[in-house]
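Read the structure below first, then the notes.
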Amino acid sequence: MEIKKLKVLIVEDELLIADNIQLIMEDEGYEVCPIAMSINEAKRIILNYQPNIALLDIQLKGESDGIELAHWILKEVGIPFLFLTSQNTEKYIRRAFETNPAAYVLKPISSSNLVLSTKLALFNHEQEIKPQTVAVKVGTEHVILTLDEIIYLTTDHVYIEVHTTEKRYLVRSSMGDLLDKLGPCFVQTHRGFG
């Protein structure tokens, strides 16, 4: 079975810098999408290649800049992105921080800083989108269920039936204790239902 590589989009209009970034990322095992040198090119590549992360230069040739692209990514795609830039004036930093980037890496770029920032951005993004889970004891085993798969709960005294999209689990617990574990996503609608 082939391990699927994470895809990286590089948005950089200086070819030498873009090639250097590409080499760094490929050496780390990432698949690099075609390099984008403009906002329109970047949008097209994002939609066609669906990268896992974007590395954005702020200052690009043309009317738009990398910060405008970051706003579009936030609204339309939702992948993490970092800014790779020589822009360290308050004006650019303030505008960039409004997009909540995963990192703001100043040029010249060190490979270790770029790799670490990318890994951290991907890790943090994964934590944000990871479905919430709950561990329940079913007989002598612990079963991990995502909150998304639980449809409803029923109870008859000390046992709770947890109905999921795939099957039903019989859990020895009180309704109150299990609802506390599940959090505000579930409420008790009747003495025997949650």
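Using the Cβ-Cβ distance between Glu63 and Lys107 with R0 set to 22 Å, the FRET efficiency from 1/(1 + (r/R0)^6) comes to roughly 0.50.
The charge dipole of the range 5-158, taken about its Cα centre with unit charges on the Cβ of Lys, Arg, Asp and Glu (plus for the first two, minus for the last two), comes to roughly 200 debye. Kirkwood-type hydrodynamic radius, the range 148-194: 10.5 Å, calculated from all non-identical alpha-carbon pairs.
When the charge dipole of the range 1-136 is built from unit charges on Cβ atoms (+1 for Lys and Arg, -1 for Asp and Glu) and taken about the Cα centre, the candidate among Ser86, Val32, Asn124 whose Cα reaches farthest toward its positive end is Asn124.
Highest mean packing comes first when the peptides 11-19, 145-153 are listed by Cβ atoms within 10 Å, giving 11-19, 145-153. Karplus-based coupling profile of the range 103-109, in residue order and whole Hz: 6, 10, 9, 7, 7, x, 8, with θ = phi - 60° in 6.51 cos²θ - 1.76 cosθ + 1.60 and x standing for Gly or Pro. Maximal additional length on extending the Asp27-Glu98 stretch stands at 22.4 nm, based on 0.36 nm per residue less the C-alpha distance. Which of rounded, prolate, oblate describes the range 8-48, given a ≥ b ≥ c as roots of the alpha-carbon gyration tensor eigenvalues and a/c under 1.5 marking rounded, otherwise prolate only if a/b is larger than b/c? It comes out oblate by the Cα gyration axes. Here His125 sits with roughly 40 square angstrom of accessible surface, probe radius 1.4 Å.
Taking every DSSP bridge with both residues inside the chain, close to 60 percent are antiparallel.
With r as the distance between the Cβ atoms of Glu126 and Thr164 and R0 = 25 Å, compute the FRET efficiency 1/(1 + (r/R0)^6) and round to 0.05. The value I calculate is 0.60.
In this label model, Leu47 and Gln188 are separated by 5.1 nm, measuring between points 7 Å along each Cα→Cβ vector. For the pair Glu14 and Thr154, label points projected 7 Å from Cα toward Cβ lie 6.7 nm apart. The value given for the range 92-149 is a Kirkwood hydrodynamic radius of 14.7 Å, derived from the mean inverse Cα-Cα separation. In the chain, Rg over Rh equals 1.17, where Rg is the alpha-carbon radius of gyration and Rh the Kirkwood radius from pairwise Cα distances. Using C-alpha pairs under 8 Å with a sequence gap of at least 6, the mean separation divided by the residue count of the chain gives a relative contact order of 13 percent.
Which of rounded, prolate, oblate describes the range 38-119, given a ≥ b ≥ c as roots of the alpha-carbon gyration tensor eigenvalues and a/c under 1.5 marking rounded, otherwise prolate only if a/b is larger than b/c? The shape class here is oblate.
Along the axis of the charge dipole computed for the range 97-194 (Cβ charges of +1 for Lys and Arg, -1 for Asp and Glu, origin at the Cα centre), the listed residues Gly183, Val158, Val115 are led at the positive end by Val115.
Of the residues Gln132, Gln22, Gln87, the one that moves most in a GNM of the chain with alpha-carbon contacts below 10 Å is Gln132.
Using just its DSSP H runs of length 4 or more, each adding -39500 (n - 2.57), the chain gives a mean residue ellipticity at 222 nm of -11000 deg cm²/dmol after division by all residues.
Computed extension gain for Asn40 through Leu74, at 0.36 nm per residue and net of the alpha carbon distance, reaches 10.7 nm. Quick one: of the DSSP bridges fully inside the range 74-153, what percent are antiparallel, nearest 5? Just about 60 percent of them are antiparallel.
The values are calculated or read from the model by the stated rules, or taken from the named source; none is laboratory data. This is a predicted model, so every value here is computed, not measured. Reconstructed Cβ throughout: ideal geometry from the backbone, glycine too, with neighbour counts over all protein chains shown. These area figures cover heavy atoms from the full protein model, side chains too; ligands, DNA and RNA do not enter into them. Shrake-Rupley method; radii C 1.70, N 1.55, O 1.52, S 1.80 Å.
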